[in-house]
Every structure is written in structure tokens, then in C-alpha cells.
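Structure record follows, encoded as C-alpha cells.
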Amino acid sequence: MDNAQTAQIIKSECKRKSISIVKMLEDCAIRKSLIYDLEKRDYTPSAELLEKIAIYLDISVDYLLGRTPFPEVNRPPLSKD
């Protein structure tokens, strides 16, 4: 996992959705130094933390990790009941 790439994706998605990074971190109860830690300290976030961010930004964890170019979350098809 490229932690700097994950930080860049977080910043890009926040910008695209007009959400400040600070607000996203506060809303997710994540420390404010996360982006710096990802970029400069090569901090590896937990799966739980990545999931919180992905859910908040409505993107897939795979996209957040740079494993896919598609941000969409895989959702089950709607039933036709």
C-alpha cells in the first residue's frame, strides 16, 4: 500500500465533494495529523480507519487504497419486488 497515494486520494475526494479535510477527520473521529502521517511518516492506517473514511466519502476501500480507478462502491442490485 502506498500511504502517500492514499493521502492524495483522500484529499482529492474531499475537494471533489467540497468537504474540508478537517471536517471529514472530525466527523470520522480521526486525529487531525492523519494526512501528514500518511505522507511523511509512512503511517499505515488500520482497516477500520480506512473503512470509516471510505464510508464517509462514499467510495470503495479498494479505490482509497489505489487498487482500482473506480470510486464506486459495489452495492447489491436493487430487488424488483
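So here's what we get for this one:
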read-out	value
Among Ile21, Leu38, Ala54 the positive-end extreme of the charge dipole of the range 3-64 (Cβ point charges)	Ile21
Distance in nm between pseudo-label sites at Ser46 and Ser20 (7 Å out along the Cβ direction from Cα)	2.7
Helix 3-16 vs. the chain, principal-axis angle (Cα, 0 to 90°, nearest 10)	60
Semi-axis lengths (Å, descending) of the ellipsoid that matches the C-alpha gyration tensor of the chain	23, 14, 11
Value of [θ]222 nm, deg cm²/dmol, for the chain, DSSP H segments ≥ 4, -39500 (n - 2.57) each, nearest 500	-14500 deg cm²/dmol
Where labels lie 7 Å past Cα in the beta-carbon direction, separation of Asp58 and Gln8 in nm	2.5
In degrees, nearest ten, helix 47-57 long axis to first principal axis of the chain (Cα)	70
P(r), alpha carbons of the range 28-74 - 5 Å bins starting at zero, rounded %	5, 21, 27, 26, 16, 4, 0
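Where a number appears in this text, it was derived from the coordinates with a stated rule and is not lab data. Predicted model only: the values in this text are computed from it and were never measured. In this analysis, Cβ positions are derived from the backbone assuming ideal geometry, glycine residues included, and neighbour counts consider all displayed protein chains.
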